[in-house]
1. Is one or more of the residues making up the range 50-59 at pLDDT 90 or above, within 24 Å of residue 109 (Cα to Cα) and touching a strand residue (DSSP E or B) at 6+ places or on another chain (Cβ under 8 Å)?
2. Please go through the range 19-38 and give me each residue that is under 21 Å from residue 58 (Cα atoms) and either acidic (Asp, Glu) or free of Cβ contacts under 8 Å to residues at least 40 places away in the same chain (or both), ordered by number.
3. Collect the residues in the range 78-126 that are basic (Lys, Arg) and either surrounded by 12 or more Cβ atoms within 10 Å (Cβ to Cβ) or modelled with pLDDT of 75 or more (or both), keeping them in residue-number order.
4. Enumerate the pairs (first residue in the range 70-89 and assigned by TED's automatic domain parsing to the domain that holds residue 24; second residue anywhere and of a type in the set (S, T, N, Q) and part of a loop (DSSP other than H, G, I, E, B)) with beta-carbon separation below 6 Å, excluding pairs fewer than 6 apart on the same chain, so at least 6 apart or on different chains.
Amino acid sequence: MTNKPVLVFIHGYAVGSWYFDDFRDYFEKLGYQCYAPTLPYHDAHPNKKHDEVGKLGLKDYIDHLENEILAIGKKCILVGHSLGGLLAQHLANRGLADDLVLLQPAAPKDISMITPRYLHLHAGPLGAALSSKPFKYSFKSAKALFFNGL
């Protein structure tokens, strides 16, 4: 048994626990105990959907994950992406995390992500999506959008 913290990977809305497979493999090789629970109704093939997903709210996901974490038996480091990042923050607020790693977390209610800068940076991909054409970000746009200017 290792003294390293337990890592819990929380996926986003349109994916499943498989999203973190590479991360889990990497950290397990370093001796970490890793979990990647699947959010309710997110276990379908990516090309299929569960109609039940639309019936769930944030509290349903948070309660589900709280039970998963409590079953582990100790506080964990929560790693959340997108919706998973928002859920991780709520779980930490319930006292279920030692630390958080947030990867592009979804914004809480009433915090708008749509700003003039956001619209400017997404103009190309939006146009491409509307015309069903592929789009490649410029390095400058990718840096601004995904790496916060790093």
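The values are calculated or read from the model by the stated rules, or taken from the named source; none is laboratory data. Treat the numbers as computed from the prediction; the structure is a model and nothing was measured. Reconstructed Cβ throughout: ideal geometry from the backbone, glycine too, with neighbour counts over all protein chains shown.
1. no
2. Hits for the range 19-38 are 36, 37, 38.
3. 94
4. 82/104
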